[in-house]
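Data first, discussion second: the structure below is written as structure tokens.
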Amino acid sequence: MYSREEAKQLKQEFWTTFGQWSLRKRKSKGKGRWLLNHTGVRGYRLKFETEKKTQCVCLEIIDADEVIREIRYEKLLELKSIFDEAMDNELIWDKEFFLSPDNKIIRVYVQQHGLTINNRQHWPKIFAFFYQKMDKLETVFEEYKELLDY
């Protein structure tokens, strides 16, 4: 087991290494940094997440106004078949994802299980999962983002 400080340091090293690795790979394909919070469409963000033995690549609707969040979700559902096909029908559509007891968002995501960032030998598989899935999700989002704007 790791101490709290060692775990924090390992997590920081993981994200730094992934960021450098993915940026080199993206630049070789003529792309820049990941969109993430800079989607160009208010109320949406793309996100990498890892906890314990689960990794997720997410598209989140984060608008604080529940009515607007619902409208954004309806627009996203209009493109569901396109997103599902691009993501090999692995997407999970969660209309009521709770970040905390009083903070609800809508999350569309794909996940993998069984790997942990605490094991450096797992990193290449996690990096590959993150890269492949986010690249697909980001590509579809970019193509249809005008339709998702509210």
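Here is how the numbers come out for the structure above:
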| item | result |
| --- | --- |
| Verdict on Arg107 being in a loop (DSSP other than H, G, I, E, B) and out of contact with any Lys or Arg (no Cβ under 6 Å at 6 or more places or on another chain) | no |
| Members of the stretch 102-115 that are surrounded by 13 or more Cβ atoms within 10 Å (Cβ to Cβ) and modelled with pLDDT of 90 or more | Ile105, Ile106, Arg107, Val108, Tyr109, Val110, Gln111, Gln112, Leu115 |
| The stretch 4-15 residues that are modelled with pLDDT of 95 or more and in a helix (DSSP H, G or I), paired with ones that are of a type in the set (Phe, Trp, Tyr) and surrounded by 13 or more Cβ atoms within 10 Å (Cβ to Cβ) (beta carbon under 9 Å, 6 or more apart) | Phe14/Trp123; Trp15/Phe48 |
| Residue in the stretch 116-129 that is part of a helix (DSSP H, G or I), in contact (Cβ under 8 Å) with a residue 60 or more places away in the chain, surrounded by fewer than 16 Cβ atoms within 10 Å (Cβ to Cβ) and of a type in the set (A, V, I, L, M) present | no |
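Residue-wise test of (1) under 27 Å from Gln12 (Cα atoms); (2) touching an Asp or Glu at 6+ places or on another chain (Cβ under 8 Å); (3) not aromatic (Phe, Trp, Tyr).
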position	(1), (2), (3)
Tyr44	yes, yes, no
Gln55	yes, yes, yes
Tyr73	no, no, no
Gln132	yes, no, yes
Phe141	no, no, no
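The values are calculated or read from the model by the stated rules, or taken from the named source; none is laboratory data. Model, not experiment: these values are computed from the prediction. Positions of Cβ are generated from backbone atoms using ideal geometry, with glycine treated the same way; all protein chains shown enter the neighbour counts.
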